[in-house]
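Take a look at the structure below.
The values are calculated or read from the model by the stated rules, or taken from the named source; none is laboratory data. Keep in mind that what you see is a predicted model, and the values were worked out from it rather than measured. Reconstructed Cβ throughout: ideal geometry from the backbone, glycine too, with neighbour counts over all protein chains shown. Heads up: the accessible areas ignore ligands, DNA and RNA and are worked out on the full protein's heavy atoms, side chains in. Shrake-Rupley method; radii C 1.70, N 1.55, O 1.52, S 1.80 Å.
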Amino acid sequence: MNIAVYVRVSTQRQTQTQTIEQQLDSLHNYHEAQGWPWQEEHIFRDDGYSGAKLRRPGLDRLREQIGRAIFDRVVITAPDRLARNYVHQMLLIEEFEQGGCQVEFVDRPMSHDPHDQLLLQIRGAVSEYERSLIAERMRRGRRQKYLAGGLLPWTRAPYGYRVDPAHPRDPAGVRLDLAEAAVVAELFSSYLQEGKSLKAEIQRLTNLGVASPAGKTRWNQATLRGILTNPVYTGTVYIGRSRPTEARGRHSALVPIGRGRGGHVQTNQEEWTAITQVPAVINQEQFDLVQQKLVHNQQFARRNNTAYPYLLRAMVSCGTCRLGCIGRSSRGGYAYYVCVGKSHGTISHRDEKCPARSIPVEQLDELVWQDVCEILTHPNAITTALARAQGGLWLPQELQARRENLRKARVSLEQQMERLTDAYLANVLQLEEYKRRKIELEQRLSVIAEQKRQLEATVGCHDQLAGMVQSIEIFCQRVQQGLSAATFEQKRQLIELLVDRVIVTNEEVEIRYVIPTSSKGETTRFCHLRLDYFNRLAQRQQEHTAQALVWIQERLDRCLTAFASPGFAVQIPTDEKRPEEIVEEILTQINSSFL
């Protein structure tokens, strides 16, 4: 029997204090008590990963191997080590059981008894509540320390400052780095001169050989703007200068959606809160003048000049260096798509310029538009591509690998079944042992078959494909009527909807289409689908959580009705206690009614 071990701690501090080793010691002792072999290669650990997320390297490797039916049992110290979220706990336990792997918790071994299942669900809900409570208390505690002036909001000191290594978050230990502070002061003064821009300042710093905050020889415009917009150089430290935002766009059809994290946007100055004072580098008047010039230069930047209409604006990429292309027009009326790699190193972040030639705008726009008209006039190419995709020819490598792993697992189990039958016929096994092992193998085969069915369902079905084809044909027929008389704005709108990227490599042009497969997709660009995806995911998780809580309440009421004496009710503790103490108190009340 193959047994896996999973351990996890949430922070690096817990990793350093050896709490994960304590989990391993407990699991090792449990293995010895059960008479199971202890194998180091079967240990899956996540050091410093939160239990509120499922994206953990150790857990991912464990799920992949259980999906290939490698393990029969996984041993964990407690449910909150597996996940802090109740829905995540149920999802993982169900996934492991479908893979033929039983989940066992050391502190309280669970069975399929309804009372044990109820206990597991209560513990999961309490763990999720405890994590939310801890996060909120930590947030409020940090804010109180900020307002009291006893904590810096920095994880890394700004350029030009140094902190006490022993107490890096203590405002009293902040001091100036004289060399870097001189660079910052000169930067503010130089930028205020007539005709100076961020690009010119980057070129000046590069020529002087001044290292960037990251220690590199080339500065970045975002880094320079971050220094010029940071009010800490006036001597005041603020909190609330930015707020997180959701990811709203997706760069390409070939790039995975990835995490749901977005970026940060600057807030209005009215929302800032001053918390402490540090040594100043410039005065407030100089800082305000720089902010005014930054806004002015941004309004008159070349990227905001829309005098020349580019049909493929922000859609062209260079196939030679894999960078984007920008539109450039000359006074003679000629316009080109120029690779960013041909710009100065301060813009392209490359040591060498791209050797690709500039692309005539008129020729490329006409070529792409004619191809779009051809695709819409003859949609057979689209339907053929969909048929190939439905047949599995375009499956990602991950899905192909999962399909192959399931096939190998099924073949291995069938061979085990044959060897088991041969052993029984040779009188090596008794009838009872043969039946027991056969039932286990049949259960694992059924699990493999169900996983294969689910995988094939994700690939697509013929009915869905037929609906897509019909929807695409209707869309093409409706659009064909206005192609010949389309205005520039109509052409641009249609290309934004259908074209994801145009990649030009020397004389070759690759057009990557994104065809709407339903009427809802005709009004939303592909790059905007990322936010919709995460919104649906969050909504689905909320629905599952609500259903799970209702189910727990029903099971609890059913248990009380079946076993408790008349008038008995479970009192949920309202004072602050650990999850184990809350669960034990609930169980004590229930067990007392049974006696």
### Task
Could you run the Karplus curve 6.51 cos²θ - 1.76 cosθ + 1.60 with θ = phi - 60° over segment 161-175 and give me ³J(HN,Hα) per residue in whole Hz, x for Gly and Pro?
10, 10, 10, 6, x, 6, 9, x, 9, 8, x, 5, x, 7, 9
### segment 319-361 shape via C-alpha gyration tensor axes, a/c threshold 1.5
prolate
### Summary
Per the rule of 0.36 nm per residue minus the C-alpha distance, extending R403 to N506 adds in nm 33.3 nm
### Message
Using a 7 Å offset from the Cα along the Cα-to-Cβ direction at both H296 and D170, what is the distance between the two label points in nm, to one decimal?
### Response
4.5
### Query
So for the pair T11, R322, with labels modelled 7 Å out along Cα→Cβ, what separation do we get in nm?
3.8
### Task
Positive end of the charge dipole of segment 284-380 (Lys, Arg +1 and Asp, Glu -1 on Cβ, about the Cα centre): tell me which of Y334, V361, Q291 has its Cα farthest that way.
Q291
#### Entry: Per residue value of the accessible surface for segment 281-374 (all protein chains in place, 1.4 Å probe), Å²
63
### Solvent accessible area, Å² - Y146, 1.4 Å probe, full protein context
30
## Note on the structure
Taking protein heavy atoms only, a 1.4 Å probe, and rounding to whole percent, the accessible area of segment 204-247 owed to carbon and sulfur comes out at 49
### Query
So what does E418 come to for accessible area, using a 1.4 Å probe and Å² rounded to 10?
120
### Task
With all protein chains present, calculate the accessible area of K408 using a 1.4 Å probe and round the result to the nearest 10 Å².
110
### Task
Tabulate in residue order the Karplus-calculated ³J(HN,Hα) for segment 199-206, using 6.51 cos²θ - 1.76 cosθ + 1.60 with θ = phi - 60°, rounded to whole Hz; enter x for Gly and Pro.
4, 5, 5, 5, 4, 5, 5, 5
### Residue pairs, from the table K216/K353; K216/K342; K199/K342, whose Cα atoms sit over 24 Å apart
none
### Query
Amide H to amide H, which residues 5 or more places from F44 or on other chains are under 5 Å from it, using H placed in the peptide plane?
V5, Y6, V7
### Message
Going by amide H atoms built from the backbone, whose H comes under 5 Å of the H on A280, apart from near neighbours?
### Response
none
### Message
Which lysines, if any, have their Cα less than 21 Å from the Cα of K196, not counting same-chain residues under 8 positions apart?
### Response
K293
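Sorting Y49, Y191, Y159 by accessible area (1.4 Å probe), largest first, what list results?
Y49, Y159, Y191
What size of dipole, in debye to the nearest 20, comes out for segment 303-366 about its Cα centre when the only charges are +1 on Lys and Arg C-beta atoms and -1 on Asp and Glu C-beta atoms?
On the way: 9 positive and 5 negative charges, 42 e Å.
Dipole of segment 303-366, to the nearest 20 debye: 200 debye.
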### Environment charge at A172 (Cβ cut-off 15 Å; Lys +1, Arg +1, Asp -1, Glu -1)
+2
### Task
Working with all protein chains in place, sort H28, H344 by solvent-accessible area computed with a 1.4 Å probe, largest first.
H344, H28
